[in-house]
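The structure under discussion appears below in the form of structure tokens.
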Amino acid sequence: MALALFASELLLNASATAVADNPPSLWQVAADDAGLYLKVTLADLLKTSKLKPGDVVEGTLARDVYSANRKVFPAGSHVKLTVDHLERRRRARNDHWPWVVNAFTPRHETYPVFVQATVADAASAEKLRVTLIAVSRIREVHAQAKKRQPGETLAENRGSVETSPEKGKKSATPTMILEAFPTESPQNAGPEPEPDPAEIGAVDRNAVVAAGTRCKILLLTDVSASRSKPGDPVKARLLEPVLQDSKVVLPAGALIEGKVVKKTPPRMLSRPGSLYLTFNQITLPEGIRVPIAASPAGAELNQRSHTRIDAEGGLHGDRPGAAWMAINIGMTAGIAKEVDDGVQLVVEAIVSTATDASTAGAARIVSTCVSGIYIATRHGRDVVLPRFSEMEIALDRPVSLNTSQTASPTQ
């Protein structure tokens with residue numbers, strides 16, 4: 001048994017060394033289920049329904065793109081896309097307006113299809129096969145700050161109040177989210193250029209990642225307060241390496257797993273939904289699973305989304321605004337009027353001896369009851385985190401990366 005454990009440890013160390021010495025190629029990383037994640041800030045205002053085949057869309061990468069610990073494309077790289085054709089897609093769920101507005105909103109919208117993109121920086125250019133995930137204006141939401149304790153400094157107080165890049169205003173240009181894959185197969189692709197050792201960085205397997213460390217992740221599953229259930233798995237991918245003392249402790253591309261701990265769907269009386277997530281495991285590129293404890297600390301959401309994060313990492317839908325309530329009250333008044341008129345006609349048709357006063361009184365009672373039921377049964381806003389949402393999580397306790405203390409690698 002001891003000999004088997006010793007051999008297993010040797011294999012794990014050899015695997016880790018091989019990964020560090022020979023980082024995966026662009027094709028190998030993009031062959032994963034999630035491909036490469038490109039977040040592009042567009043150069044101009046864009047209305048997707050107005051695009052035509054052959055139109056060119058340009059922008060710049062909003063964040064670095066990593067292949068394991070190697071930076072494939074730096075932020076600011078120029079991105080050029082050409083519209084191949086247009087297709088109709090089901091419109092994404094939106095909690096900005098109550099159901100009555102959504103009911104009259106077209107369920108489908110026209111989306112451009114980009115088959116190929118060119119990403120160019122100062123050194124080289126790369127062609128990729130791409131799939132458009134979403135185009136929207138984005139705002140950042142961070143965990144609300146806890147109340148400061150006596151003697152606690154502002155830096156020690158975790159979290160910050162909800163913010164957005166434009167301080168509450170809509171950003172000038174939308175952001176495009178793309179899933180990308182190389183255009184050539186490994187058989188046809190040319191030799192992989194030698195990576196820059198400074199970009200790779202050796203992963204420190206003996207490090208202890210400090211509690212409170214922030215990690216940028218990309219959700220690989222859809223999560224919502226109305227449809228998810230407690231215990232449902234949540235998967236994500238680490239977007240960029242985590243550094244500690246100038247050393248890589250968590251490599252980009254590592255798989256992070258968690259689950260839905262608790263959820264409250266939107267309820268009557270316009271009460272919003274809430275969602276609690278926890279992340280409990282990270283799988284390193286060589287297959288080693290490390291237990292963690294982490295909770296949401298921030299997220300990038302659609303500009304029209306109404307979601308906030310409390311100091312404990314819980315996601316909550318905002319209360320209905322003035323426009324939301326005005327629309328529901330207007331619908332209530334319209335329903336009350338129609339029911340009032342309808343009941344009077346029915347009563348007069350059935351009871352020929354009924355007086356105007358009696359029919360009017362009965363109609364008011366019925367219309368008041370119906371309108372009251374309608375306004376009371378209106379549900380609040382949902383919490384929706386679609387696939388490819390960018391989040392930030394914070395480690396709730398230190399994480400040891402010593403391979404002798406971690407679980408066995410995946411089979």
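The values are calculated or read from the model by the stated rules, or taken from the named source; none is laboratory data. Every value quoted in this text rests on a predicted model; they were computed, and no experiment measured them. Positions of Cβ are generated from backbone atoms using ideal geometry, with glycine treated the same way; all protein chains shown enter the neighbour counts.
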Anything in region 379-398 that is surrounded by fewer than 22 Cβ atoms within 10 Å (Cβ to Cβ) and touching a helix residue (DSSP H, G or I) at 6+ places or on another chain (Cβ under 9 Å)? List them, or say none.
His379
For region 117-136, does any single residue satisfy the condition of being under 13 Å from Leu178 (Cα atoms) and over 24 Å from the mean Cα position of the chain (by Cα)?
yes
Count of residues meeting criterion [out of contact with any strand residue (DSSP E or B) (no Cβ under 8 Å at 6 or more places or on another chain) and in contact (Cβ under 8 Å) with a residue 24 or more places away in the chain] in region 100-123:
2
Give all pairs with beta carbons closer than 6 Å in which a residue from region 353-372 that is without any contact (Cβ under 8 Å) to a residue 12 or more places away in the chain meets a residue that is assigned to a helix (DSSP H, G or I) and among the hydrophobic types (A, V, I, L, M, F, W, C); count only pairs at least 6 apart in sequence or on separate chains.
Ala354/Val347
Inspect all residues belonging to region 181-195 and state whether any of them is modelled with pLDDT of 50 or more, closer than 19 Å to Glu392 by Cβ and within 24 Å of the chain's Cα centre (by Cα).
no
Confirm whether Asp341 is assigned to a helix (DSSP H, G or I), among the charged types (D, E, K, R) and either without any contact (Cβ under 8 Å) to a residue 24 or more places away in the chain or over 30 Å from Val248 (Cβ atoms) (or both).
yes
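Per-residue answers, yes or no, for (1) surrounded by 13 or more Cβ atoms within 10 Å (Cβ to Cβ); (2) of a type in the set (Lys, Arg); (3) assigned to a strand (DSSP E or B); (4) at pLDDT 85 or above:
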site	(1), (2), (3), (4)
Trp27	yes, no, no, no
Asp32	yes, no, no, no
Val57	yes, no, yes, yes
Val79	yes, no, yes, yes
Arg88	no, yes, yes, no
His96	yes, no, no, no
Ala122	no, no, no, no
Leu128	yes, no, yes, yes
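With respect to Ile292, is the statement that it is in the same structural domain as Met391 (by TED's automatic domain parsing), touching a Phe, Trp or Tyr at 6+ places or on another chain (Cβ under 8 Å) and modelled with pLDDT of 90 or more true?
Working: in the same structural domain as Met391 (by TED's automatic domain parsing): yes; touching a Phe, Trp or Tyr at 6+ places or on another chain (Cβ under 8 Å): yes; modelled with pLDDT of 90 or more: yes.
Yes: the conditions hold for Ile292.
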Check region 388-396 and report whether any residue there is under 33 Å from the mean Cα position of the chain (by Cα), under 30 Å from Leu275 (Cβ atoms), at pLDDT 80 or above and part of a helix (DSSP H, G or I).
no
From the set of residues in region 313-338 that are in a helix (DSSP H, G or I) and small (Gly, Ala, Ser), which is nearest to Gln144 (Cα to Cα)?
Ala322
Taking only region 64-94 into account, find how many residues are charged (D, E, K, R), in contact with a Phe, Trp or Tyr (Cβ under 9 Å, 6 or more places away or on another chain) and over 30 Å from Ser226 (Cβ atoms).
2
Any chance region 295-306 includes a residue that's crowded, with 20+ Cβ neighbours inside 10 Å and in a loop (DSSP other than H, G, I, E, B)?
yes
